Structures are given as C-alpha cells and as structure tokens.
Amino acid sequence: GDSVTQMEGPVTLSEEAFLTINCTYTATGYPSLFWYVQYPGEGLQLLLKATKADDKGSNKGFEATYRKETTSFHLEKGSVQVSDSAVYFCALKEPGNTGKLIFGQGTTLQVKP
Amino acid sequence: ETGVTQSPTHLIKTRGQQVTLRCSSQSGHNTVSWYQQALGQGPQFIFQYYREEENGRGNFPPRFSGLQFPNYSSELNVNALELDDSALYLCASSNRDRNTEAFFGQGTRLTVV
C-alpha cells in the first residue's frame with residue numbers, strides 16, 4: 001500500500017541555520033503531498049501542499065517541491081527560528097473520494113537560540 | 001468562522017470500558033475523518049464520514065465505530081478499551097464536494113489504564 005517515510009529525528013539546529021527534513025513516498029497513483037506541523041499540545045496545522053509533479057508548495061518561509069522522479073517532497077527553510085520548534089509530518093492524500101491522509105512518523109525539530 | 005473543536009481534551013478510562021469522543025466540524029464542511037496518533041507516531045486513519053454515512057475505513061477493528069449527525073458533527077465510539085488504545089485522537093473536517101483541505105482539531109488525549 002501507499003506509505004510515507006521521513007528522516008528520523010530529533011533534528012537540533014541553532015537559530016538561523018538551514019533546515020532540510022527528508023520525505024519520500026510510495027504510491028500507486030498520483031497523490032497530493034503535504035507537510036503538517038504539530039506544536040506541543042496541539043492538533044495538526046497544514047503548512048504547505050503540492051498537488052502535482054514539479055509543484056512547489058511554500059508558506060512562512062518553508063518550501064517543498066514535488067519530485068515524481070525521486071518520489072520525494074523534502075521540506076526546507078533557509079533560516080529557522082526558535083518558534084519553528086515542533087513536530088513536522090509529511091503526508092500524502094490518495095486520489096479518489098475518501099481523501100484519506102497517510103502520514104509519516106514525524107520529525108521533531110528543536111531550534112536553540 | 002469556527003474551527004474544528006473536539007471534546008473532551010483529556011480522558012482516562014479503564015480497560016474494558018467504552019468511550020465516546022466528539023467533534024464539531026468547521027462551518028461549511030460536510031466530511032469528518034478520525035485519526036489515531038500513538039505517542040511518537042504519525043496519525044493513522046480510522047474512518048471517514050460524509051453526509052452521515054461511513055465513507056472509507058482504515059485497519060481498525062469493529063469496536064471502533066462512529067456517527068455523523070445532520071449538522072455534520074461526529075462521534076467516535078470505542079468499545080472494550082485496550083491499553084493500546086491510549087493515544088491522541090484527532091478529528092479533521094473538510095468539504096468533500098468542494099475538495100477542500102482537511103482542518104484538524106486539537107485532539108482528545110485518551111489514556112487507558
């Protein structure tokens with residue numbers, strides 16, 4: 001079945017460092033791809049998305065490009081802040097009516113001042 | 001516009017008991033999905049309700065059941081609770097007819113002792 005694999009965390013960075021969180025997927029069709037963020041004690045918030053190959057999603061300085069040839073959707077940010085500390089989830093949505101989301105296991109990011 | 005709200009926020013139950021979790025969907029949304037997020041893991045799809053009918057189910061046993069009401073709010077019921085049911089239960093609402101993205105509630109933390 002479809003699946004998502006993320007790099008293991010935790011990822012610890014100093015403020016203003018460059019961030020990359022790797023995400024690869026396995027899918028039989030053409031899914032949409034997402035990054036969600038979860039702050040401590042909260043639910044999931046949609047960070048960005050891409051719906052087809054070569055699309056780039058971006059939001060709040062974060063970017064990710066849908067790479068069909070490498071089945072990847074890596075999350076990047078040029079300069080992280082302490083407030084970016086959270087758990088980041090890569091997810092795919094299967095084509096079709098259900099709209100079921102399949103999530104990776106999550107990557108914890110800790111940004112130190 | 002109100003967001004997705006879940007109740008209660010925390011709950012402690014004894015093994016073998018039954019529990020009901022509640023979710024109010026965002027205004028304008030007609031679809032509710034439920035996810036189980038075990039500690040340190042990504043959310044796992046339980047099932048989805050669209051216009052009061054179950055519309056897709058993940059790999060969860062029948063003791064996980066649900067309802068959706070005419071106002072599109074939803075309940076998740078779990079019978080014969082097991083220790084492994086301890087998790088954060090997330091509700092997400094969307095509008096399937098307009099193919100909107102899913103918005104998540106803050107979750108209900110269930111502890112089974």
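The values are calculated or read from the model by the stated rules, or taken from the named source; none is laboratory data. The structure displayed is predicted, hence computed values, not measured ones. Heads up, the Cβs are rebuilt from the backbone with ideal geometry, glycines too, and the neighbour counts pull from every protein chain shown. These area figures cover heavy atoms from the full protein model, side chains too; ligands, DNA and RNA do not enter into them. Shrake-Rupley method; radii C 1.70, N 1.55, O 1.52, S 1.80 Å.
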Quiz prompt | Residue that is modelled with the lowest pLDDT [pool: residues in the range B:82-97 that are open to solvent by 10 Å² or more (accessible area, probe 1.4 Å) and within 8 Å of chain A (Cβ to nearest Cβ)] | solution = B:ARG96
Self-check item: Top-ranked residue of the range A:79-96 - restricted to ones that are outside any loop (DSSP other than H, G, I, E, B) and of a type in the set (D, E, K, R), ranked as nearest to B:GLU101 (Cα to Cα)
Solution: A:LYS93
Self-check item: the range A:92-113, subset at the interface with chain B (Cβ under 7 Å from one of its Cβ atoms), modelled with pLDDT of 95 or more and open to solvent by less than 20 Å² (accessible area, probe 1.4 Å), residue farthest from A:ARG67 (Cα to Cα)
Solution: A:GLY106
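Residue by residue, here is whether (1) open to solvent by 40 Å² or more (accessible area, probe 1.4 Å); (2) over 25 Å from A:GLU8 (Cα atoms); (3) modelled with pLDDT of 95 or more; (4) among the small types (Gly, Ala, Ser) holds:
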| site | (1), (2), (3), (4) |
| --- | --- |
| B:LEU21 | no, yes, yes, no |
| B:HIS29 | no, yes, no, no |
| B:GLY40 | yes, no, no, yes |
| B:ARG63 | yes, yes, yes, no |
| B:ALA80 | yes, yes, yes, yes |
| B:ASN99 | yes, yes, no, no |
Quiz item: What's the number of the condition A:LEU47 fails, among (1) open to solvent by 20 Å² or more (accessible area, probe 1.4 Å); (2) within 20 Å of B:CYS91 (Cβ to Cβ)?
Solution: (1)
Quiz item: Between a first residue in the range B:101-113 that is touching a residue at least 24 places away in the same chain (Cβ under 8 Å) and under 22 Å from A:GLU94 (Cβ atoms) and a second residue that is open to solvent by 30 Å² or more (accessible area, probe 1.4 Å) and part of a loop (DSSP other than H, G, I, E, B), which pairs have beta carbons less than 7 Å apart while being 6 or more apart in sequence or on different chains?
Solution: B:PHE103/B:GLY3
Quiz item: What do you reckon, is A:VAL37 open to solvent by less than 20 Å² (accessible area, probe 1.4 Å) and either more than 24 Å from B:ASN95 (Cβ to Cβ) or in a loop (DSSP other than H, G, I, E, B) (or both)?
Solution: no
Quiz item: Do you know which residues across the range A:82-91 are open to solvent by 20 Å² or more (accessible area, probe 1.4 Å) and among the small types (Gly, Ala, Ser)?
Solution: A:SER83, A:SER85
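Just give me the residues in the range A:44-68 being without any contact (Cβ under 8 Å) to a residue 12 or more places away in the chain and more than 13 Å from A:SER32 (Cα to Cα), in sequence order.
Result: A:GLN45, A:SER58.
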